[in-house]
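Worksheet: the structure to be examined is printed underneath.
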Amino acid sequence: MVNITEKEFKQFAEYIITNYGIKLTAEKQSLVAGRLNNVILGKNFKSLSEYMDYVASDRTGQAVVTLLDKITTNHTFFMREADHFYYFRDEILPYFSRIITDKDLRIWSAACSSGEEPCTLAMIIDEFFGKEKMWWDTKILATDISNNVLEIAKKGVYSKERISALPAAWKLNYFKEIDAENFILTDKIRNEVIYRKLNLMDSVFPFKRKFHVIFCRNVMIYFDNKTKNELAEKLYDMTEYGGYLFIGHSESLNRDCTRYRYIMPAVYRKE
């Protein structure tokens, strides 16, 4: 096991929070050592400092991609925090279907991980609009910082166990069986999601238009208060008036700082 000194970890943690907003406390030192051990030794580096010099000098960008894939946790599943999806289905979609005149509904899954969240939204939208769906542009932008999970998401393949929580009608209409244990999303749903790599710490988001709904769930839990407040402000600026922000149930926005209005646990609105 590679040995990480306290000084090395402090410098590493500072680099990560400055560039990617992820807060690594001292308690995470052994976790980081375990996750980076193979890649550091595999490159024949003798220390974390040597490895970070390599990451900093790598012009291809692949080294930092590998680093982020190692230290980030991409845990998600279909219908996670299900009340959010019910609120989206029962309140938000009926509202926007009435007021959007150009039939262009813009939704952003800002930390999409392996794709379960945006695909769930796509299935809800398809079921809600039914035959009217052909008149609407409801493609979902799904972004993540990890190339690894984005590649998984693009394939749209999930195990029988992972889709077990979905309604039977969805499994029948939106999935095709590959074998006894694995299913693939139909093109109808896969084509509704656009996957892109994005760092939420980027100073400017590369979007021309604002979003009616933003899902940014279970990301801010890794950020300190300053980073979280700054991200919320950037998300607010990318939200249409009357639009919604969903965050994770273990997260909250400081109501004295945010311009969003609190609606219900982990749901906010721009008014």
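Derivation of every value follows stated rules applied to the coordinates shown; laboratory data play no part. This one's a predicted model, so the numbers in the text were calculated from it and none came from an experiment. With ideal geometry, Cβ positions are generated from the backbone for all residues, glycine too; neighbour counts draw on all protein chains shown.
Quick rundown of the values:
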| read-out | value |
| --- | --- |
| Spatially proximal aspartates and glutamates relative to Lys234 (Cα-Cα < 19 Å; intrachain offsets below 8 disregarded) | Asp144, Asp202, Asp224, Glu251, Asp256, Glu271 |
| Positive-pole candidate from Met134, Ile71, Tyr262, dipole of the chain, charges at beta carbon | Met134 |
| Helix 48-57 axis, angle to the chain major axis (alpha carbon atoms, nearest 10°) | 60 degrees |
| Test item: Cα-centred dipole of region 116-156, Lys/Arg +1 and Asp/Glu -1 on Cβ, debye | 160 debye |
| Spin-label zone in region 26-48 - amide nitrogen under 15 Å from a point set 7 Å from the Cα of Lys7 along the C-beta vector | 47-48 |
| Value of Rg/Rh across region 6-71 [Cα atoms, Kirkwood radius] | 0.92 |
| Förster-model FRET efficiency, 41 Å R0, Lys176 and Thr18, C-beta, rounded to 0.05 | 0.40 |
| C-alpha long axis of helix 62-71 to longest principal axis of the chain, angle in ° | 80 degrees |
| Reach of Lys176 by Cα under 26 Å, taken over lysines that are not fewer than 8 positions away in the same chain | Lys131, Lys133, Lys139, Lys154, Lys155, Lys160, Lys188 |
| Of Ile16, Ile145, Ile100, the one that fluctuates the most in a GNM where the chain has Cα springs shorter than 10 Å | Ile100 |
| Equivalent ellipsoid dimensions for the chain as semi-axes, Å, which come from the Cα gyration tensor, largest first | 35, 24, 16 |
| FRET E, pair Leu31, Ile99, Förster distance 51 Å, beta-carbon r, rounded to 0.05 | 0.65 |
| Dipole magnitude of region 30-176, debye to nearest 20 (Cβ charges: Lys/Arg +1, Asp/Glu -1, about Cα centre) | 440 debye |
| Extreme residue, positive dipole direction of the chain, given options Gln11, Ile221, Ile194 (C-beta unit charges) | Ile194 |
| 25 Å Cα-Cα reach of Lys10 towards lysines, excluding residues that sit fewer than 8 places from it in its own chain | Lys23, Lys28, Lys43, Lys46, Lys70, Lys226, Lys228 |
| Highest-first arrangement of 257-264, 41-48, 209-216, where packing means the average Cβ count within 10 Å | 209-216, 257-264, 41-48 |
